[in-house]
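*Asks:* Here it is, the structure, as structure tokens.
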Amino acid sequence: MGTFSLLGRLFGAQVDQAGESLVGALVAFDPETATQVDRDALAEKIQEVARKFAAAKQDYDKEQNDVVVKQAQINQYLATLDIMVGQLERQEISEAAFNDFYAGIEEAQAQLPQEIEEAAEAKAVKDELDDILKILTQQLNSFDQVTSKALRDVKLAQSQVEKEKLKAERQAELSNLKSGLGAESTAVRKLQEIAKKAKIEAEAAKTVREITTKPQSQAEKMEAMMAQAKQAGAPAVSTLSAAERVAALRAKTQ
């Protein structure tokens, strides 16, 4: 019987599902907890096999000891039989006693193969359980290696996701800030509208004033032009000295 056939006999369909549980743990919502649950289940299975192995080893030790005891007993019987042969020849014992002892040896010899077979079967079970225990132990070691790497990958991926989300949030914030650049302020637009309206009103008021202002008479115009001419013809009063005036004149020519 092969190792996995015995494993299946002992634990049923759970053995076939061992690999699936390892994969399922990695895609669980909480990978660390999920993998720990699977690891605990695998460790519990190892303990169960270890207990069965210990029991099988005890069975094998007993069966093997029975073989040794039976073989030693037969050897002792045969040694005694040699003595009894002499006793029979000397008529110290009856032939019936000799035949009875001889039959006992034959019975013991007939039992020996059965004892040997039972010891061999017990050894086979013990050895298979030992193989299973080694396989499960290796599986646990592999589980730890695979899940440790997988958990590191998951954490790295989650970190990358968080970084990308942060980048997206920052980009959105920058976009919102940029969207306000160059935008016309509502208050400024209102002020401009008020200024434009005031300018239009000022122009209108000037036009109205010009239209409604009484025109000057010819005499008034003459008086105004005469006053302007007198002001232009009056010599400018200089407060500079002669030397300062010469210096100023030279400065103009330089």
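*Asks:* How would you order 107-117, 217-227, 40-50 from highest to lowest mean count of nearby Cβ atoms within 10 Å?
*Replies:* On the way: 107-117: 13.5, 217-227: 9.9, 40-50: 15.1.
For the peptides 107-117, 217-227, 40-50, the packing ranking is 40-50, 107-117, 217-227.
*Asks:* Do any trypsin sites (Lys or Arg not before Pro) in region 55-144 lie in a loop, going by DSSP, with at most 14 other beta-carbon atoms within 10 Å of their beta carbon, and if so which?
*Replies:* Here the trypsin sites (Lys or Arg not before Pro) that fit, given the DSSP loop and packing criteria, are 90.
*Asks:* Compute the length gained on full extension between residue 244 and residue 206: take 0.36 nm times their separation in residues and subtract their Cα-Cα distance, giving the result in nm to one decimal.
*Replies:* Working it through step by step, the gained length comes to 9.0 nm.
*Asks:* Round to the nearest 0.05 the FRET efficiency obtained for residue 81 and residue 114 when R0 = 25 Å and r is the Cβ-Cβ distance. Can you show the working numbers first?
*Replies:* Working: r = 22 Å, r/R0 = 0.87.
Efficiency, from the Cβ-Cβ distance: 0.70.
*Asks:* Most exposed first by the Cβ proxy, i.e. fewest other Cβ within 10 Å, how do 156, 133 rank?
*Replies:* In order of increasing Cβ crowding within 10 Å: 156, 133.
*Asks:* Which value in nm describes the separation of the simple spin-label points at residue 107 and residue 73, placed 7 Å from the Cα toward the beta carbon?
*Replies:* That separation, rounded to one decimal, is 1.0 nm.
Where a number appears in this text, it was derived from the coordinates with a stated rule and is not lab data. Keep in mind that this is a model prediction, so the values were computed, not measured. A quick note on method: Cβ atoms are made from the backbone with ideal geometry, for glycine too, and the neighbour counts reach across all protein chains shown.
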